1. What are the pairs, 6+ residues apart or on separate chains, where a residue within segment 352-373 that is in contact (Cβ under 8 Å) with a residue 40 or more places away in the chain has its Cβ under 7 Å from a residue that is acidic (Asp, Glu)?
2. If you go through segment 73-88, how many residues are in a loop (DSSP other than H, G, I, E, B), open to solvent by 100 Å² or more (accessible area, probe 1.4 Å) and among the aliphatic types (A, V, I, L, M)?
3. Within the bounds of segment 200-209, is there any residue that is modelled with pLDDT of 80 or more and either over 22 Å from ALA361 (Cα atoms) or assigned to a loop (DSSP other than H, G, I, E, B) (or both)?
4. Among ARG314, ARG301, which is open to solvent by less than 50 Å² (accessible area, probe 1.4 Å), among the basic types (Lys, Arg) and within 30 Å of HIS245 (Cβ to Cβ)?
5. With the structure loaded, tell me whether VAL447 is of a type outside the set (Lys, Arg), farther than 19 Å from ALA573 by Cβ, at pLDDT below 80 and surrounded by fewer than 21 Cβ atoms within 10 Å (Cβ to Cβ) or whether it fails that test.
6. Looking only at segment 183-193, decide whether some residue is under 30 Å from ASP349 (Cα atoms) and touching a residue at least 40 places away in the same chain (Cβ under 8 Å).
7. Among the numbered criteria (1) open to solvent by 10 Å² or more (accessible area, probe 1.4 Å); (2) among the hydrophobic types (A, V, I, L, M, F, W, C); (3) out of contact with any Asp or Glu (no Cβ under 8 Å at 6 or more places or on another chain), which single criterion is violated by VAL335?
8. Scanning for something at pLDDT below 80 and touching a strand residue (DSSP E or B) at 6+ places or on another chain (Cβ under 7 Å), does segment 220-235 turn up at least one residue?
Amino acid sequence: MNNMLKNLVIWLVIGLVLMTVFNQFNNRQTAQAPMEYSQFLEEVKSGRISKVTIEGRQLKAQTVDGKRVTSYSPGDIWLVSDLLKYGVKVEAKPEEEPSLLMNIFVSWFPMLLLIGVWIFFMRQMQGGGRGGAFSFGKSRARMLDESTNTVTFGDVAGCEEAKEEVAELVDFLRDPSKFQKLGGRIPRGVLMVGSPGTGKTLLARAIAGEAKVPFFSISGSDFVEMFVGVGAARVRDMFEQAKKHAPCIVFIDEIDAVGRQRGAGLGGGNDEREQTLNQLLVEMDGFEATMGVIVIAATNRPDVLDPALLRPGRFDRQVVVPLPDIRGREEILKVHMRKVPLAPDVKPDIIARGTPGFSGADLANLVNEAALFAARFNKRLVDMDDFERAKDKIIMGAERRSMVMPEEERRNTAYHESGHAVVAKLLPKTDPVHKVTIIPRGRALGVTMQLPTEDRYSQDRDRLLNMIAVLFGGRISEELFMKQMTTGAANDFERATEIARRMVTQWGMSDELGTMVYGENEGEIFLGRSIQTHKNVSESTMQKVDSEIRHIIDTQYRMARKLLEDNRDKVEAMTKALLEWETIDADQINDIMAGKPPRPPKPPASQTTKPPAGDAGTEGATAPAASA
């Protein structure tokens, strides 16, 4: 708001000055042209001039009828006698000379005005109003002080271990002598590592908010410019500002933009990024002490950072901010649910159990989507049904009810999803099937959802093999019941092949090839160290790898096919229910697997307003197991 007001005042001043100059020029142009001297003398002789005022060579005359005319004398020594001879009143005044300042102003003002306007625009485009065209080397870090940074540890949930790790930073910033009197040294830098959306930036702001110290925030990409040396200059300027406000926190988001390993570029190119990194290394642990300045950086690619950046004395400590577990998800949901009016039936623990693998940002989006669904139906409170609809939309994609599918393709999709669900129900060590739908969502024509009963951090061999069998259930069901093959199983095959390949080449789960890693590193070769970690594998070994992958896939395919052939009645019953109701839940699936007729679907939650066409959701959603 202050910037808008400032710009408005500047433009008003420029407009007023321009109007004044234009009026001045306009007045000069519109002034009456001077009369020729010979004509002036004729007017005097004819008696039409009554009074003349002489100012140097300028003659200001007044006619008998009251008009005013001007003329210039060529230095006529008889002028005064002629005027008196014809009865003209004569008045003499000294000539008014314009001041030197006025001459300079009139001569140079237009050019100075143009230069001022040019500098103003350069400030806006290049320097953001902070130094103008000469601010390339100035830091673009934004400072938040105690009044503008209100985030505390109470606003951060789902990462209790990370909060404990950084809590001593707060104690140091509040009372440095507590650590210094015992000879201890607080870490110079803390590197926060975690998946996108886990709350690294929020945690850094909470540290500054708890310690009530200035907080400088900048992105790694803000250092690098098209001009050589700008990044290093900005690093120097940022640390100079930080030292003036010490104790303080400098937060660099996405530090991998400037902290990538040096010497990784192939084919030369600009080394501006390396200059910036070198300056950052010097500032963090150089000759000058940076007491009271703690650098916190965040990245989700710690493997590509330069080793010199991670050594003790620079980033002494790495704090892992992981994806939240079920309790963490519940706490995060409670934090975000403070901002929306909730119905009594909303249970965060149930929502947390149904959102495995969600980050803090995903959960914030879930709460927001639920609020939007409630607003769409003109509700006063956000209820559990809105959260289920939002969960379906985030995980499976938006419903495409307007998509008209031919009956044969719809029937094929029903058999496909039934095949996935039946195989998943019959095999051990698979996540329980939570929902099956043939409503097109996102890019899928149908989805089979499986809900994990608990958070899982690793997979065993039997579970991976059963996952492959479940993925093949869709295509096998099409072959058995529709006597055809469609392209709907393409993603299933891709995922199944990827699991089998990793079992053989990375996870050592092959009896034939043993516990050894095969194949080349698939990382980007432009990361430097990946160039040196290629693993050479002979052609004969790769043939054995392909053969073992084929063996795993064929074995699981045959097992899934036998299960479906032995349970044709369950596939037929599930397909019939899907064609009738389009979506079936876990209770209906359990009825079908028990040989009982499925119970009718649950009635939809009461709505104050009929939902718009194509926006009606389905209940429940979790991580997808397979989709058509």
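The values are calculated or read from the model by the stated rules, or taken from the named source; none is laboratory data. Every value quoted in this text rests on a predicted model; they were computed, and no experiment measured them. All Cβ positions, even for glycine, are placed from backbone atoms using ideal geometry, and neighbour counts span all protein chains on display. The protein model used for the area step is the full one, side chains on, heavy atoms only, and it has no ligands, DNA or RNA in it. Shrake-Rupley method; radii C 1.70, N 1.55, O 1.52, S 1.80 Å.
1. Taking only residues 6 or more apart or on different chains, the pairs are PRO356/ASP455; PHE373/ASP386.
2. So the answer is 1.
3. Within segment 200-209 (the criterion being modelled with pLDDT of 80 or more and either over 22 Å from ALA361 (Cα atoms) or assigned to a loop (DSSP other than H, G, I, E, B) (or both)), the answer is no, since none of the residues qualifies.
4. Answer to the selection: ARG314.
5. no
6. yes
7. All conditions pass for VAL335, except number (3).
8. yes
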